[in-house]
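The values are calculated or read from the model by the stated rules, or taken from the named source; none is laboratory data. Everything quoted here is computed from the prediction, not taken from an experiment. No Cβ is skipped: glycine too gets one built from the backbone with ideal geometry, and neighbour counts run over all protein chains shown.
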Amino acid sequence: MILKELSIINYKNLQQAELQLSPKINCFIGNNGMGKTNLLDAVYYLSFCKSYTNPIDSQIINHEADVCMLQGRYEFENERQEEIYSGIRRRQKKQFKRNKKEYERLSDHIGLIPLVMISPADNELITGVSESRRKFMDLAISQFDKEYLRALVRYTKALQQRNVLLKNENDYIDFTLLELWEDQMIDDGIFIHQRRKAFIDAFTPIFNEFYTRISQSGEQVSFDYISQLNDTDFRDMLQNNRQRDIAIGHTTTGIHRDELEMLLDGFPIKKVGSQGQNKTYFVSLKLAQFHFLLKTGHTTPILLLDDIFDRLDANRVEEIVKLVSGPEFGQIFLSDTNRESLDRILERTDNNSHIYSVIDGEINLMTD
């Protein structure tokens, strides 16, 4: 699958752009703060109905405008065309359309345009809170498993409704209704736990292969999937903790508290990893996700590489260049402040590439 055409109006500092894109490599060159990351983020938005860097839709509209628009035309391997449109107005519900027909639920769109983005912000997977790592699992699985995403939506709604009942200011709790929401949490929570565990078991050896190749070392990477459901019955947990949950006003047990501990040679990498090891870790993690989606999905995902070569030694950069230049990868979007690393990738390809300059939000195709 490739993104053939991209239209942007008032997306962050990108006031207007009309791009005819290369089916292989699209490079965006410019200084920091010029809009390179915003361009990649716009491509990401069309896949996931949200920004990679900012969860608040109103904040992605250019500050001088009241409306933002994105439109992409995609072509799949069977020559099927898909047109995806998103329109955002301040203080209004955003629109998301597929071939001019608006989605009833945005979750129905997830997985249609598979995509993996690698960014310096991914260091948050190592150093950040457990929610970041749960989101990684959820997004990775949801792109190829629709039932997982539906279960996740149902579980989240049931959790929210249970918490509303627990916080009842009148000190009256409808226990019949509470049990209904608990039943929903239990059914979907057990399903989600099983799918997360299966994903980690299948994903870990692929991740290890990518890390070993990029690092050129004997270091081993792995995960410790920590969940209250690993060795305890979920229904018993909810019932046994009900009075405590009522006292504090929220649910203390469930898959929404899962943790994915990231390990290097058996130790938490956030404690033992250097800057180079951390970056190699999350780059390998995302390239392994790309490979996993390629093998389990319906089409070749798009790969976005946002300024990933900084703070990596020459050998690791070389291995990443070799990997993403290979035939397994389809359409790639890269951003960087200089052309050195990008030129090394282009040298390995068939020159089917576009290079753009990005200056103060203006994007122009370069002729050399």
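Things to note:
- Region 107-132, residues that are part of a helix (DSSP H, G or I), out of contact with any helix residue (DSSP H, G or I) (no Cβ under 6 Å at 6 or more places or on another chain) and not polar (S, T, N, Q): 108, 109, 120, 121, 131
- Pairs meeting the criteria (first residue in region 49-78 and under 21 Å from residue 303 (Cβ atoms) and not assigned by TED's automatic domain parsing to the domain that holds residue 100, second residue at pLDDT below 95 and buried (at least 18 other Cβ atoms within 10 Å of the Cβ), beta carbons under 7 Å, at least 6 apart or on different chains) are lacking.
- Among the residues making up region 205-258, those that are without any contact (Cβ under 8 Å) to a residue 60 or more places away in the chain, outside any helix (DSSP H, G or I) and among the aliphatic types (A, V, I, L, M) are 226, 229.
So that you can scan it fast, the table gives a plain yes or no per residue for (1) in contact (Cβ under 8 Å) with a residue 40 or more places away in the chain; (2) part of a strand (DSSP E or B); (3) among the aliphatic types (A, V, I, L, M):
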{"position": "260", "(1), (2), (3)": "yes, yes, yes"}
{"position": "277", "(1), (2), (3)": "yes, no, no"}
{"position": "294", "(1), (2), (3)": "no, no, yes"}
{"position": "318", "(1), (2), (3)": "no, no, no"}
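- Just one of the listed residues (323, 303, 312) is assigned to a strand (DSSP E or B) and closer than 30 Å to residue 202 by Cβ, and it is 303.
- Out of 144, 96, one residue alone is free of Cβ contacts under 8 Å to residues at least 60 places away in the same chain, out of contact with any Lys or Arg (no Cβ under 8 Å at 6 or more places or on another chain) and of a type in the set (Phe, Trp, Tyr). It is 96.
- Single unsatisfied condition, residue 54 versus (1) within 19 Å of the chain's Cα centre (by Cα); (2) in a strand (DSSP E or B); (3) not hydrophobic (A, V, I, L, M, F, W, C): (2)
- Any chance residue 84 is assigned by TED's automatic domain parsing to the domain that holds residue 24, more than 30 Å from residue 309 (Cβ to Cβ) and either among the β-branched types (Val, Ile, Thr) or in contact (Cβ under 8 Å) with a residue 12 or more places away in the chain (or both): no
- Filter result for residue 290 (surrounded by 17 or more Cβ atoms within 10 Å (Cβ to Cβ), touching a residue at least 24 places away in the same chain (Cβ under 8 Å), assigned by TED's automatic domain parsing to the domain that holds residue 217 and out of contact with any helix residue (DSSP H, G or I) (no Cβ under 7 Å at 6 or more places or on another chain)): yes
- Test result for residue 345, hydrophobic (A, V, I, L, M, F, W, C), under 22 Å from residue 366 (Cα atoms) and touching a residue at least 12 places away in the same chain (Cβ under 8 Å): yes
- Residue within region 14-33 that is of a type in the set (A, V, I, L, M, F, W, C) and within 19 Å of the chain's Cα centre (by Cα) present: no
- Restricting region 57-90 to residues that are assigned to a strand (DSSP E or B) and among the small types (Gly, Ala, Ser) leaves a set whose member that is nearest to residue 23 (Cα to Cα) is 72.
- Looking only at residues of region 307-331 that are within 22 Å of the chain's Cα centre (by Cα) and among the acidic types (Asp, Glu), we find that the one that is surrounded by the most Cβ atoms within 10 Å (Cβ to Cβ) is 307.
- Any hit, region 97-106, residues being polar (S, T, N, Q), modelled with pLDDT under 95 and in a loop (DSSP other than H, G, I, E, B): no
- Test: residue in region 75-86 that is under 30 Å from residue 273 (Cβ atoms), modelled with pLDDT under 95, surrounded by fewer than 18 Cβ atoms within 10 Å (Cβ to Cβ) and not polar (S, T, N, Q): no
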